[in-house]
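The values are calculated or read from the model by the stated rules, or taken from the named source; none is laboratory data. Keep in mind the model is a prediction, meaning the values are calculated, not measured. When we count neighbours, we look across all protein chains shown, and the Cβ atoms used for this are built from the backbone with ideal geometry, even at glycine.
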Amino acid sequence: MKHFASIAAISAFALLTGCASQNVSQPTLPLGGAVETGLKADVKVGETISGESSVNILFSVIKFGGDTQFADGVTYGGGEGGFALGLDPVASAKSAAAYKAVKASGADVIVAPRYEVNVQDYFVYKTVNVKVTGNKGTVTSIR
C-alpha cells in the first residue's frame, strides 16, 4: 500500500508540474544590400581564350579528383547540379575552367563566356567535363 501511495504521489506531482515549451515568433525580412559605386571600367576585348576542367563524383555526393584552384565571385546560373551546401560539381568545374582560361591568357575577365558541359553518368560514378570559351578582357582604365 505504501508503494501504491508513492506512485500516486509522484504521478500527481508530474501531472501538476508538467513540461513547458515557449516559442516566440519574430517576423523577419530578408536583408538585401546593393553596393553601388560611381566607377566605370574600360575593357579592351581581345582574342578568344579557353579553359577546361573535370571532376569525378562517387555516389552523387563524394567529389574527388579535379582542380584545386577556382575563379571566385562568379555566379553560374541555371542550377544544373541542384546540390546543397556548395557541393555542386558542375559549378566547381565551371569555376576551375574559368580560372584556367583567365590565368593562362593573362586576362582580367572573360567576355561573353560560353560553357560546354559534358556529364558521363554511370549510376554510382559520374564524370563532369567543362570547357569555357570567350574573349580575353583586359581592364585598361577605371574612372
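Structure notes:
- None of 77, 82 is under 30 Å from residue 42 (Cβ atoms), under 18 Å from the mean Cα position of the chain (by Cα) and modelled with pLDDT under 80 except 77.
- Scan of the range 118-143 for residues that are assigned to a strand (DSSP E or B) and either among the aromatic types (Phe, Trp, Tyr) or surrounded by fewer than 17 Cβ atoms within 10 Å (Cβ to Cβ) (or both), ordered by number: 118, 119, 120, 121, 125, 129, 138, 139, 140, 141, 142
- In the range 103-117, the residues that are assigned to a helix (DSSP H, G or I) and either closer than 14 Å to residue 45 by Cβ or touching a residue at least 60 places away in the same chain (Cβ under 8 Å) (or both): 105
- Taken over the range 26-62, the criterion of being among the hydrophobic types (A, V, I, L, M, F, W, C), closer than 30 Å to residue 131 by Cβ and at pLDDT below 80 is satisfied by 61, 62.
- Residue match in the range 94-112 (condition: closer than 16 Å to residue 58 by Cα, in contact with a strand residue (DSSP E or B) (Cβ under 6 Å, 6 or more places away or on another chain), β-branched (Val, Ile, Thr) and modelled with pLDDT of 85 or more): no
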